[in-house]
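Here is the structure we will look at.
Nothing in this text is a laboratory measurement; each read-out follows from the coordinates by a stated rule. Just so we're clear, the structure is a prediction, and the values are computed from it rather than from any experiment. Here Cβ is always computed from backbone atoms with ideal geometry, including for glycine, and neighbour counts include all displayed protein chains.
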Amino acid sequence: MLALYDVPAPAKLNLFLHVVGKRPDGYHLLQSLFVLIDWADTLHFERRSDGLLQRHDQGDALPPDDLCLRAARSLQQAGGVTQGADIHIEKRLPSGAGMGGGSSDAASTLLALNRLWGLNWPLSRLMKLGLSLGADVPFFLGGRHAFVEGIGEILHPLDLPAQRYAVLKPPVSIATKDIFSSSLLARSESVAIVAGFPAHNSADVKADNAKTSSDSVSLDAERAARLVGGFGRNDLQPPAEASCSEVSQALGMLKSQFGNSRMTGSGSAVFARIGTEAGLIMQGETGSESQPMAIWPQDLPADWVGRMCRSLDRHPLYGWAGD
């Protein structure tokens with residue numbers, strides 16, 4: 001195999017995000033529902049025989065040593081690989097959005113180079129490497145919607161009903177460390193138990209390993225609808241709104257149009273659940289994993305971006321690594 005083209009790296013939304021504790025090392029313990037959506041970056045990989053790793057930005061310039069290059073370097077070193085790669089990135093996802101764009105690029109890089117270099121590592125091995133790069137990377141490697149615990153390493157895969165979302169990103173980015181150090185950061189009074197599986201099971205957890213539950217959680221229609229339809233809150237939203245008026249402005253725009261709004265991750269992107277009753281006929285009903293269904297259907301302030309998206313049943317690279 002000499003090359004892999006049009007490799008998607010989809011974004012995620014946090015339908016809720018609860019802060020439930022803090023580890024001795026300072027990392028906050030979270031519970032969240034991660035959902036894959038069809039707004040995505042696209043990556044292309046070409047094998048090199050000289051061992052060099054070169055990234056080529058087809059759009060806005062990325063940081064010199066981003067998660068994508070770090071992922072490639074980590075896999076190359078851990079696998080004892082003498083080959084290299086040219087990595088071309090078509091960056092469509094906004095940075096600093098709380099949508100996991102960098103982590104998704106890293107996960108797709110691990111999955112693609114695992115094939116391109118002929119390593120054929122199982123998913124469990126890639127998961128451990130992914131967690132060393134960032135807490136969100138294991139989720140994208142797992143490839144399914146998931147109830148997430150710990151710092152992001154404990155994944156309970158879920159099957160959820162399809163849903164459409166309006167996603168809006170103002171130009172400002174918010175430093176995650178500032179959100180978690182804010183005096184306005186709320187902590188949920190108790191951990192949640194969602195759909196009958198335990199809120200915390202120490203047997204599932206090793207602090208240095210990513211863990212995917214061996215059994216997916218089966219939800220009945222009522223519980224699934226409750227999760228997708230506005231369960232919980234985002235504990236990071238109050239400090240984000242206090243530090244950035246544009247987040248509040250974006251939330252207000254969505255709520256006035258769709259009747260609901262919430263920030264995803266640590267911001268600054270926000271989203272709203274939408275339905276056909278909203279009177280929106282989407283362009284591009286056959287949108288793919290690399291192209292969201294439609295751009296924002298109305299004028300936005302300068303430098304804002306918005307998309308009408310839909311949830312994905314599975315990551316488009318689901319199954320690229322074995323068990």
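What is the order of Asp50, Asp235, fewest Cβ neighbours within 10 Å to most?
Details: Asp50 8, Asp235 22.
Ranking Asp50, Asp235 by Cβ neighbours within 10 Å, fewest first, gives Asp50, Asp235.
Can you sort Thr109, Thr42 by how many other beta carbons sit within 10 Å, fewest first? The partial results should precede the final answer.
Working: Thr109 32, Thr42 20.
The most exposed by this proxy come first: Thr42, Thr109.
From the Cα gyration tensor of segment 3-157, with a ≥ b ≥ c the square roots of its eigenvalues, which class applies: rounded if a/c is under 1.5, or else prolate if a/b is larger than b/c, or else oblate? Please report the intermediate quantities before stating the final value.
Numbers: a/c = 1.96, a/b = 1.53, b/c = 1.28.
Prolate, because a/c is 1.5 or more and a/b exceeds b/c.
Given Cβ point charges of +1 (Lys, Arg) and -1 (Asp, Glu) and nothing else, what value in debye, to the nearest 20, does the dipole of segment 1-98 about its Cα centre take? Walk me through the numbers on the way to the answer.
On the way: 10 positive and 12 negative charges, 84 e Å.
Charge dipole of segment 1-98: 400 debye, to the nearest 20.
Kindly put Trp39, Trp296, Trp304 in sequence by how many other C-beta atoms sit within 10 Å of each C-beta, fewest to most.
Values: Trp39 30, Trp296 14, Trp304 18.
Lowest count first: Trp296, Trp304, Trp39.
Sort segment 91-154 into rounded, prolate or oblate with this rule: let a ≥ b ≥ c be the square roots of the eigenvalues of the Cα gyration tensor; rounded if a/c is under 1.5, and if a/c is not under 1.5, prolate when a/b is larger than b/c, oblate otherwise.
Numbers: a/c = 2.17, a/b = 1.24, b/c = 1.74.
Oblate, since a/c reaches 1.5 and b/c is not below a/b.
With a/c under 1.5 counting as rounded, go ahead and sort segment 233-278 into rounded, prolate or oblate using the C-alpha gyration tensor (a ≥ b ≥ c being the square roots of the eigenvalues; past the cut-off, prolate if a/b is larger than b/c, else oblate). Intermediate results must be reported in sequence, preceding the final value.
Numbers: a/c = 2.86, a/b = 1.86, b/c = 1.53.
Judged from the Cα gyration tensor, segment 233-278 comes out prolate (a/c at least 1.5, a/b above b/c).
Can you give me the long-range amide H partners of Ala85? Hydrogens built in the peptide plane at 1.01 Å from N, cutoff under 5 Å, separation of 5 or more residues or another chain.
Arg48, Leu52, Leu53, Gln54
Hey, can you rank 86-93, 16-23 by average C-beta count inside 10 Å, highest first?
Details: 86-93: 19.1, 16-23: 17.6.
Packing order, densest peptide first, comes out as 86-93, 16-23.
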